Amino acid sequence: MLHEAVLPSSFTLVEFLCACGKHNLLVEGKRLHSTIMVAPEIPEIVLENALLNFYGKSSDLGSAMAVFYRMEGRDVVSWNTMLTAYNQHEDEYGCWQFFQIMLQHGVLPNKVTYTCLCDACISKQGFTSSRRCHSYIIGSGFMEDVDVVNTLICMYIRCGVFNDALLIFHGLSELNVVTWTTLITGYVQQGIYKKAIGLVQQMLIEGVLPNHVTYLSLISACSSDGNSKIGMCTHARLKSMGIELNLSIGNALINLYGKCGQMKRARILFDDMPMHDEVSWNSLIAAYSLQEQHKEVLDIFIEMGQARGKWDRITIITILQSCASELDLDAGRLLHYCIYQCSIVLDTAIASALVAMYVKCGTLEDAKAVFDKVVNHTVVLWTALISAYGQHGQNYQTTQMFDQMKLEGIIPDHLVISTVLLSFTGKLQLLEGKRIEAAFLGNSVRSEPVFNNSLLFMYSKCGTLKEAEHTFKKLTSRNVVAWNIIITAFVQRGQPKQAFSFFSNMLADGVAPNMSIYSSLLNACAALTALAEGKWIHEMLLRSGITPDIILGAALVNLYGKCGSIEDANRIFERLPKRNLATWNSILAAHCQKGDVECARHIFKQMQDEGIRPDGITFLTIISSLSHAGMVDEALYVFFSMDQDYGVAPTVKHYNCLIDLFGRAGCLEKVEHMFSLESYTPDMKSWMTVLSACKVHEDVERGEHIVKNLSDMEINDEASKVLMSNIYAAAGRFDSATLMRD
């Protein structure tokens, strides 16, 4: 049109500018602006407002300001458009300043103006501005306008001030569907799902019919709250209304069924939808991934490629995460090849997902290769790689990468620093951790809970419990994670009574326990064989409404098993929706502790039938049980089978079990043979176990030989001398016993 020297009408120009703003076509819009500038006629105010709107939506606030101040006549639309531009820049201060200038110019605000002001209050920090905005609206008389009131309610919810939002809501003489939906959506966005669901029910009781947005919010609330019952009722209602297969509603329902584990319904719904977009496919993939159905995830990925001919970045990231969870290196590498072949941009999110996948699958070299191919290393990518080295126990490389990151001019945020601190697990890294702590004294990261919790975790792992407790007491804000770290630290260090003391303090502070804390406390009760306290914790858990996960389930089985309540252990084990190696090991240990070898054999076979591969703990439990039962041949068979048939290399703990077995059976010559094996390096417990056996069988000669070996190794252990003295005394050699004690 322009090539043929035909000047577009004002209407055409306005439409074109709107399109440029909507699709962020800054160059094309500016070219059109220059055409308007050389036109003989002066643009009318509608056209100028369209230019303001275009520059505002294109995030070019400077050009918008230039157009605004060149305008000879400005109406309220011009001012409102500028206020909207400031909001798009999330410039709350600028928006309010512009509003004040508007008032000084004598321009009377309208409902759009006040809507813009409400939108400017975007966070909890905007609480004062929210009250100020509310005052202006009251003074203007717009409190009777339902659109303004809805925006006001939305503003208070966004700022986290629910009481004020509810006061306005309940003060309205007439509530329409938009008002109800505004409050419902606000609750969902703030994670208050049960109240959102309750509001929908109240809305229906009062005869207000939900709209499309209400149903979307309700389905979202049911998904996040795991409320499949109300979710299914909503689906049935939608089906009766004939809007089930609406694209956005359908996608939300797929997400609902996925989160509730009803995969058959999710798949049927997906197949019945007349059309699918990226969100539909990604919702279905995410649903199967959440339920750990990795094969189906890969099948849908292939199906999506065949149907659409491409994948988006969200799909790629979800599949990579699934590969990481299932340790499927082959599929992960194939996907990496697809990314390369399809010329998908290796942005930070995809690169981070690739790094995480390779790390989980144990190939650090591939993770580093991905990292090196990315031109601009962001903080997110550095965090992914540093975390990788930390997870693999490569503490030196973790610190080295952290230093390299700083050399490249990347300022570490609290997440990177926390990742480095979390990688430290021994006393050798404590000094480095203290150096990092000192380097950030007075820095803003010290106010971040994640950083402080990581610091506490480091001291609990690398330092003394006294240092961990001192760090904990210095925390100005103690969230449930901090309480979990300190409680778990005392449990793991064998001080369960102190752990319970911290738990009491936590409850007094009004902090509700999470699954991890319950798990730690149950393990503490198991260590103390405190069944009554364990049952009290279990009752608290049931009252909390928390559904036990696999770790918590294993802790419950472990508690009842160690406390001798085998019926309770069996009952909990049978009710677990999912079982992993830890839960199987717990129930196996419970029966082994009872001396029920036959039942232990049955459990060992059953776990393998269900595809669970035994580990070193499994075999340690079985060998220990057979040792206490005096079943020498069976124990030896299991010991040799663990390496030959299962590829599990025996550790010193497994050898010590055999020593205990041979000692009980009086086969001390076999113990001597074991000590000569190159594959076995005895620890102090090994020597003490043999000495105990020598005492039982009054074998003075072997006892003396062991004490001499300890002396040759320059191990001066008082306990071994006491045991040898007892061996002499049992053999009637009281003079030797006295000399040994002296």
Between Leu334, Leu327, Leu256, which is aliphatic (A, V, I, L, M), touching a helix residue (DSSP H, G or I) at 6+ places or on another chain (Cβ under 8 Å) and assigned to a helix (DSSP H, G or I)? Leu256
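Here's the yes/no breakdown for (1) surrounded by fewer than 18 Cβ atoms within 10 Å (Cβ to Cβ); (2) closer than 22 Å to Val112 by Cβ; (3) in contact with a strand residue (DSSP E or B) (Cβ under 8 Å, 6 or more places away or on another chain):
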{"residue": "Met155", "(1), (2), (3)": "no, yes, no"}
{"residue": "Cys159", "(1), (2), (3)": "no, yes, no"}
{"residue": "Leu166", "(1), (2), (3)": "yes, no, no"}
{"residue": "Thr179", "(1), (2), (3)": "no, yes, no"}
{"residue": "Tyr193", "(1), (2), (3)": "no, no, no"}
Could you grab me the full set of residues in the range 458-513 that are exposed (fewer than 15 other Cβ atoms within 10 Å of the Cβ), not in a helix (DSSP H, G or I) and not small (Gly, Ala, Ser)? Thr464, Thr476, Asn479, Arg493, Asp509
All positions within the range 398-416 that are assigned to a helix (DSSP H, G or I) and either of a type outside the set (Lys, Arg) or within 18 Å of Leu431 (Cβ to Cβ) (or both): Thr398, Thr399, Gln400, Met401, Phe402, Asp403, Gln404, Met405, Leu407, His414, Leu415, Val416
Output the number of residues of the range 371-380 satisfying the condition of being assigned to a helix (DSSP H, G or I) and modelled with pLDDT under 85. 2
Among the residues of the range 669-712 satisfying the criterion of being under 48 Å from the mean Cα position of the chain (by Cα) and more than 12 Å from Ile659 (Cβ to Cβ), which is modelled with the lowest pLDDT? Glu678
When Gly261 is run through (1) among the small types (Gly, Ala, Ser); (2) touching a helix residue (DSSP H, G or I) at 6+ places or on another chain (Cβ under 6 Å); (3) part of a loop (DSSP other than H, G, I, E, B), the failure sits at (2)
Any residue in the range 356-379 that is closer than 17 Å to Ile317 by Cα sitting within a Cβ distance under 6 Å of a residue that is surrounded by fewer than 17 Cβ atoms within 10 Å (Cβ to Cβ)? List the pairs, counting only those 6 or more apart or interchain. Cys361/Leu327
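For (1) within 16 Å of Thr471 (Cβ to Cβ); (2) assigned to a helix (DSSP H, G or I), each residue gets a yes or a no:
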| position | (1), (2) |
| --- | --- |
| Leu385 | no, yes |
| Gly390 | no, yes |
| Gly393 | no, no |
| Tyr396 | no, yes |
| Ser418 | yes, yes |
Only one of (1) crowded, with 19+ Cβ neighbours inside 10 Å; (2) farther than 20 Å from Ala353 by Cβ; (3) in contact with a Leu (Cβ under 7 Å, 6 or more places away or on another chain) does not apply to Pro274, and that is (1)
Out of everything in the range 210-243 that is assigned to a loop (DSSP other than H, G, I, E, B) and touching a residue at least 12 places away in the same chain (Cβ under 8 Å), what residue ends up being farthest from Val279 (Cα to Cα)? Pro210
Run Tyr396 past the list (1) in contact (Cβ under 8 Å) with a residue 24 or more places away in the chain; (2) under 20 Å from Phe457 (Cα atoms) and report the number of the one that doesn't hold. (1)
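A quick yes/no check of all residues on (1) in a loop (DSSP other than H, G, I, E, B); (2) over 33 Å from the mean Cα position of the chain (by Cα):
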{"residue": "Val107", "(1), (2)": "yes, yes"}
{"residue": "Thr113", "(1), (2)": "no, yes"}
{"residue": "Arg131", "(1), (2)": "no, yes"}
{"residue": "His134", "(1), (2)": "no, yes"}
{"residue": "Tyr156", "(1), (2)": "no, no"}
{"residue": "His170", "(1), (2)": "no, yes"}
{"residue": "Leu175", "(1), (2)": "yes, yes"}
{"residue": "Thr181", "(1), (2)": "no, no"}
{"residue": "Thr185", "(1), (2)": "no, no"}
Only unsatisfied item for Glu567, checking (1) surrounded by 14 or more Cβ atoms within 10 Å (Cβ to Cβ); (2) over 27 Å from the mean Cα position of the chain (by Cα); (3) of a type outside the set (A, V, I, L, M), is (1)
Would you please list the contacts, defined by Cβ atoms under 9 Å and residues six or more apart or on different chains, that run from a residue in the range 516-541 that is on the phi > 0 side of the Ramachandran plot and touching a residue at least 24 places away in the same chain (Cβ under 8 Å) to a residue that is buried (at least 21 other Cβ atoms within 10 Å of the Cβ) and not β-branched (Val, Ile, Thr)? Thr529/Lys562; Thr529/Cys563
When residues of the range 578-599 are limited to those that are small (Gly, Ala, Ser) and within 15 Å of Gly564 (Cα to Cα), the one nearest to the chain's Cα centre (by Cα): Ser586
Taking the range 523-539 and keeping only residues that are under 30 Å from Asp225 (Cβ atoms) and surrounded by 15 or more Cβ atoms within 10 Å (Cβ to Cβ), one is left with Asn523, Gly534, Lys535, Ile537, His538
Here is a list: Leu216, Leu183, Leu103. Which entry is out of contact with any helix residue (DSSP H, G or I) (no Cβ under 9 Å at 6 or more places or on another chain) and modelled with pLDDT of 85 or more? Leu103
Here the qualifying pairs (Cβ atoms under 6 Å; residues six or more apart or on different chains; first in the range 294-321 and surrounded by 15 or more Cβ atoms within 10 Å (Cβ to Cβ); second not in a helix (DSSP H, G or I)) come out as His294/Glu326
Conditions: (1) out of contact with any Gly (no Cβ under 6 Å at 6 or more places or on another chain); (2) touching a residue at least 24 places away in the same chain (Cβ under 8 Å). Thr583 meets all but one. Number of the miss? (1)
Options Val632, Val652; residue that is farther than 20 Å from Trp584 by Cβ, among the β-branched types (Val, Ile, Thr) and surrounded by fewer than 17 Cβ atoms within 10 Å (Cβ to Cβ): Val652
Quick one: Ser78 ticks every box in (1) surrounded by fewer than 19 Cβ atoms within 10 Å (Cβ to Cβ); (2) at pLDDT 75 or above except a single one, so which number is it? (1)
If we scan the range 526-533, do we find a residue that is in contact with a Lys or Arg (Cβ under 7 Å, 6 or more places away or on another chain) and not basic (Lys, Arg)? yes
State yes or no: is Glu292 at pLDDT below 90, part of a loop (DSSP other than H, G, I, E, B) and over 29 Å from Leu381 (Cα atoms)? no
When the residues of the range 337-370 are filtered to those that are among the β-branched types (Val, Ile, Thr) and assigned to a helix (DSSP H, G or I), which remaining residue is farthest from Thr398 (Cα to Cα)? Ile339
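The values are calculated or read from the model by the stated rules, or taken from the named source; none is laboratory data. The model shown is predicted, which means the values in this text are computed figures rather than measured ones. Methodologically, a virtual Cβ is constructed for each residue, glycine included, from the backbone with ideal geometry; neighbour enumeration extends over all protein chains shown.
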